[in-house]
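Shown next, in structure tokens, is the structure this report addresses.
The values are calculated or read from the model by the stated rules, or taken from the named source; none is laboratory data. Note that the structure is a prediction, hence the values are computed from the model and not measured. A quick note on method: Cβ atoms are made from the backbone with ideal geometry, for glycine too, and the neighbour counts reach across all protein chains shown. In case anyone asks, the SASA skips ligands and DNA or RNA and just uses the protein heavy atoms, side chains included. Shrake-Rupley method; radii C 1.70, N 1.55, O 1.52, S 1.80 Å.
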Amino acid sequence: MKPLLVALLSFFLLHSAAAAQKPNVVLFLVDDMGWMDSGVYGSKYYETPSMDRFATTAMRFTNAYSQPLCSPTRGSLLTGQYTARHGITTASGHQPPQPAGHKFLPDTAPANVEMLTPESKNYLEPAQITLAETLKGAGYRTAHIGKWHLGLTRPHWPEQQGFDVAFHCHPDPGPPGEYFSPYGVTAEGNPTAKSRVGTITDGPKGEYIVDRQADEAVKFIQGSKGGPFFLNLWCYGVHGPWGHKEEYTKAFAAKKDPTGRQGNPIMASMLKSVDECFGRILNELKTQGLLENTLIIFTSDNGGNTHSNTVADGRKSANEDWQKWAGLQPPTLNTPLRDGKGTLYEGGTRVPLMWSWAGKIKPGSLSEAVVGPIDVYPTVIDLLGIAKPEQQKFDGVSYAKVLKSEGGLDRAAYFNYHPHAGLLRAGGVWARSGDFKLLRWFGNPGTHELYNLKDDLSEAHDLAGRMPEKVQEMSKLIDGFLADTGATYPRPNPAYKPVAARPAAPAGAKDDPLAGWKERGCKATLTNGMLSVQSTGKTGAAFLGHGMAKMQAPAVVKLRVRSAAGGAGKIDCLPNTASDPTGLVSTPFEVKAGEWQELKIDLTHKGPLGTLRLYLPVDAKPVEIDSIEVAPVKGQAQRWNF
């Protein structure tokens, strides 16, 4: 009887100690993983068994958001702040930090630039009290493993933001070694485009960096016995340059998606590696007896990439390896969501999010709460019973009650701010309140798009014209957000001088309705002040051409167009003659299906524009053109108003 009592006493003491121990925290962030890029979120092509199994133990969110690009999301995760407040508004964390006193919104710009656009901070402010610092102050051992992208130089590295252990390198928009060892990272020196510096060391030749991240995570977990830990693993997959294991890729190349939505074997291969990395961490926690006392968060830094490697142009944007396996497919597709990474539409900002904590979060549960990266920090410390640092300003709120099935989330609206893309490249901001989402474009004041996401998840039906009261109501919310966060949002350039429209032909002269533009493989018809272009020849061969005389690049081409079908277009510049392709420079762009849109295509090369060819997606349906403007950085712009 006595041995039995001793055994029972030992059992209860062991489990009482485990219950009293602070829970560990794991934040697993995937790079560029879309909302639909796992089995549990609906993919019938990608294979993600670890993510799918994890979902059975977790609460899965269907209305979780990120920023459109990575650095802003990462800054919000660690600070609990909107990007408009912490200042990192685009993926610029690999660029040199700006000096003290730098002005992030210019007072003026050249006369041919319509908008003053803010510059993103290239670093996370050292004064921020990060999630890692707060957990470290509460007795946690902390580690950052993987992509950082929140500061190029040593004062802005993870070791200076609360991490005891750090496995990283700089600059880091993508992985070192193009995913494979040797990684080429040195411990000393200054990071440059040609010299990566950091703590990553080479593994065996051919080692895959995502596998190495799993090794480093396991080592950290094993070395953290006896105390709570925070593992911040920011995975290098599935970002470009899309290094992949060919044995996996080959298997996926033979697979078909029954829904017809996805089918890129390189992306499938990379997601399989990411899934294995996540699975190894879960397995190690289980082996160490820590799984039930670990709070685990799984999410992505932005929506899936739907634009890279889709145009085989003169610059070979799709490299030979990509074309071999994926042809001209984009990395992924976010259907039914609209667009992808880098945009403010749902495909660019809606992401997977799952939380697990045994005994606290109901396994296999589902939440429709609207949440984002700003909420992770306050939610984690609320769940752990850690007080908010008084010096830190929070925009995010805790949704611990949602996770514990004890209540809802009381918030008037959630916001997403991205002042670097969209109409006239001035970007925009949106507010999500209930089922409604209002988009405001800075580059065209007064322009809004309104969607009821419950009825129109694909954002195909703009309700702004039919619901002006709703637009006004939600626009006030956006005004309040911009004022509260101190956003340096884009605004009109006071020095801007609009380019005069093409003058009418002199009396008695033969008027050219195309104003010098030549049709090739297409028919252009001027009707009611709009130029309608439709294909008359083979697919992808239709273009409008015009000689640009002595005009020099770099330059900006602005188009106001409308297309019922949408699709990919490009601008070819032939600096010599139309019959001599030597020096051809091709710049791709995308036309969205739907209403009128203003496109800005940056021609960044240097030299004469020569003959400019404008290829539009006219194979399926005509494209209407309202105006074309070609504006060199130096020299007089030329504009055609049809």
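Relative to the longest principal axis of the Cα atoms of the chain, the long axis of helix 265-287 lies at roughly 20 degrees. Heavy-atom accessible surface of Tyr489, to the nearest 10 Å², is about 80 Å², with a 1.4 Å probe and all protein chains retained.
Give me the percent of the accessible area of segment 548-642 that comes from carbon and sulfur atoms, probe 1.4 Å, all protein chains in place. Carbon-and-sulfur percentage of accessible area, whole number: 51. Report the local net charge at Tyr41: Lys and Arg +1, Asp and Glu -1, summed over other residues whose C-beta lies under 15 Å from its C-beta. Computed value for this residue: -3. Helix 468-485 axis versus longest C-alpha principal axis of the chain: approximately 60°, rounded to the nearest ten.
For segment 349-457, the relative contact order comes to 15 percent (Cα pairs under 8 Å, sequence separation of at least 6). Computed over the Cα atoms of segment 247-397, the ratio of the radius of gyration to the Kirkwood radius (Rg/Rh) comes to 1.05.
Compute the Rg to Rh ratio over segment 32-136 from the alpha carbon atoms, using the Kirkwood formula for Rh, and round to two decimal places. That ratio is 1.11, to two decimals. Please work out how much length the chain gains when fully extended from Gln222 to Thr536, using 0.36 nm per residue of separation minus the C-alpha to C-alpha distance, in nm with one decimal. In short, 106.4 nm is gained. Based on Cα contacts under 8 Å between residues 6+ apart, segment 316-384 shows a relative contact order of 11 percent. For the chain, the longest principal axis of the C-alpha atoms and the axis of helix 209-222 are separated by about 30°. The mean accessible area for residues of the chain, using a 1.4 Å probe and ignoring ligands and nucleic acids, is 42 Å² per residue. Bridges between two residues of the chain, per DSSP, are antiparallel at a rate of about 75%.
Residues in segment 289-312, backbone N under 19 Å from the label point at Ala620 (7 Å along the Cα-to-beta-carbon vector): list them, ranges by number please. 306-312, by backbone N distance to the label point.
In whole angstrom, how long is each semi-axis of the equivalent ellipsoid of segment 81-183, when you take the square root of 5 times every eigenvalue of its Cα gyration tensor and sort them from largest down?
Square roots of five times the eigenvalues give 29, 19, 10 Å.
Rg of the Cα atoms in segment 197-241, relative to 2.2 N^0.38 Å, amounts to 1.33. The residues packed around Ser365, meaning those with a beta-carbon under 14 Å from its beta-carbon, carry a net charge of +3 if Lys and Arg are +1 and Asp and Glu are -1.
The Kirkwood hydrodynamic radius of segment 371-465, based on inverse pair distances between different Cα atoms, is 15.4 Å.
Using the Cβ of Ala495 as centre and a radius below 13 Å, the other residues enclosed give a net charge of 0, where K and R count +1 and D and E count -1. Find the percent of Cα-Cα distances in the chain that exceed 43 Å, and round it to a whole number. Result for the distance tail: 26 percent.
Between Ser195 and Met467, the modelled labels are 5.6 nm apart [label points 7 Å from Cα along Cα→Cβ]. When you count the other C-beta atoms within 10 angstrom of each residue and take the mean per peptide, 265-272, 45-52 line up highest first as 265-272, 45-52. Anisotropy class assigned to segment 193-267 is prolate, per the alpha carbon gyration tensor with a/c at or over the 1.5 cut-off and a/b larger than b/c. Helical content alone sets the calculated 222 nm signal of the chain at -6000 deg cm²/dmol, taking -39,500 (n - 2.57) per DSSP H segment of four or more residues and averaging over every residue. Summarise the accessible area of segment 63-179 (1.4 Å probe, protein heavy atoms) by the percent that is carbon and sulfur. Looking at segment 63-179 in its full context, I get 56 percent from C and S.
Take Asp479: with every protein chain present and a 1.4 Å probe, its accessible area is about 80 Å².
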